Amino acid sequence: MTGTDTTSRRNLLDHVILPVANEDDALATARALEPYEPERVTALHVVEKGDGVPDKTPVEQSEALAAESYAAVRSVFPDADEHTAYDRDVVEAILAAADEIGASAIAYRSRGGSRLMQFLSGDRTVKLVTNADVPVVALPAEEVDG
């Protein structure tokens with residue numbers, strides 16, 4: 001931050017936007033965020049739209065997936081808000097949603113994938129971190145039992 005005015009400072013976890021892909025991802029991501037006790041959470045589901053081609057999934061199916069994801073986040077953060085975005089570019093949708101809701105940070109959990117998959121997808125993590133106007137918090141992966 002620039003300047004010394006403490007009234008303009010904002011707590012990193014005042015209002016966290018939490019991008020989630022599906023119910024399992026939403027639950028794992030919410031659980032990873034839980035120990036940090038954010039003040040407010042907004043779960044975000046991005047419905048990927050086609051560009052002149054049919055959408056990846058029917059809108060009704062995508063909206064049902066979003067509803068399941070929001071319910072999973074609310075099992076950890078009962079007062080969580082929800083935000084659904086429709087866009088071709090998932091990263092741009094996350095950044096736009098963070099701006100729209102006034103998020104103090106974007107918290108995400110890496111979904112992994114091979115280097116080839118990251119290359120083919122344009123490595124969304126790099127785009128997210130380098131293009132965000134708010135801090136991006138990488139949450140730790142879930143512990144695997146056994």
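Values quoted throughout were computed directly from the atomic coordinates according to the rules given, and no laboratory measurement underlies them. Fair warning: this is a prediction, and the values are worked out from it, not measured in the lab. FYI the Cβ positions are ideal-geometry reconstructions off the backbone, even for glycines, and counts take in every protein chain you see.
Summing +1 for each Lys or Arg and -1 for each Asp or Glu, what net charge is found among the other residues whose Cβ lies under 13 Å from the Cβ of residue 73? If you can, show how the numbers build up before the last one.
Working: positive: 31, 40, 74, 109; negative: 23, 24, 25, 34, 68, 79, 81, 82.
Combined, the nearby Lys, Arg, Asp and Glu give -4.
For residue 47, what residues show an amide H to amide H distance below 5 Å, using hydrogens built from the backbone and excluding near sequence neighbours?
85, 86, 87
Enumerate the calculated ³J(HN,Hα) couplings along region 81-92 in order (Karplus 6.51 cos²θ - 1.76 cosθ + 1.60, θ = phi - 60°), each rounded to whole Hz, writing x wherever the residue is Gly or Pro.
Result, ordered by residue: 7, 10, 8, 10, 10, 10, 7, 6, 10, 4, 5, 4 Hz.
Pulled fully out, how much extra length does the chain show between residue 31 and residue 14, if you take 0.36 nm times their separation in residues and subtract their Cα-Cα distance?
Length gained between residue 31 and residue 14: 4.4 nm.
Run the quick spin-label model on residue 60 and residue 86: label points 7 Å from Cα toward the beta carbon, then report their separation in nm to one decimal.
1.5 nm
With each label point set 7 Å from Cα along the Cα-Cβ vector, what nm distance links residue 110 and residue 130?
Label-label distance for residue 110 and residue 130, simple model: 1.6 nm.
For residue 109, which sequence-distant residues (separation of 5 or more, or a different chain) have an amide H within less than 5 Å of its own amide H, given hydrogens modelled in the peptide plane?
139
Between residue 141 and residue 71, what FRET efficiency follows from the Cβ-Cβ distance if R0 is 30 Å, with the result rounded to 0.05?
Numbers: r = 23 Å, r/R0 = 0.75.
Efficiency at R0 = 30 Å is approximately 0.85.
Listed highest first by mean packing, meaning other Cβ atoms within 10 Å per residue, what order do 61-70, 19-28 come in?
Numbers: 61-70: 17.8, 19-28: 19.3.
Per-residue Cβ counts within 10 Å, averaged per peptide and sorted highest first, yield 19-28, 61-70.
Test of understanding: ordering 110, 104 by Cβ neighbours within 10 Å, fewest first, what list do you get? Before the final figure, lay out the partial values.
Values: 110 12, 104 19.
So the ranking, lowest neighbour count to highest, is 110, 104.
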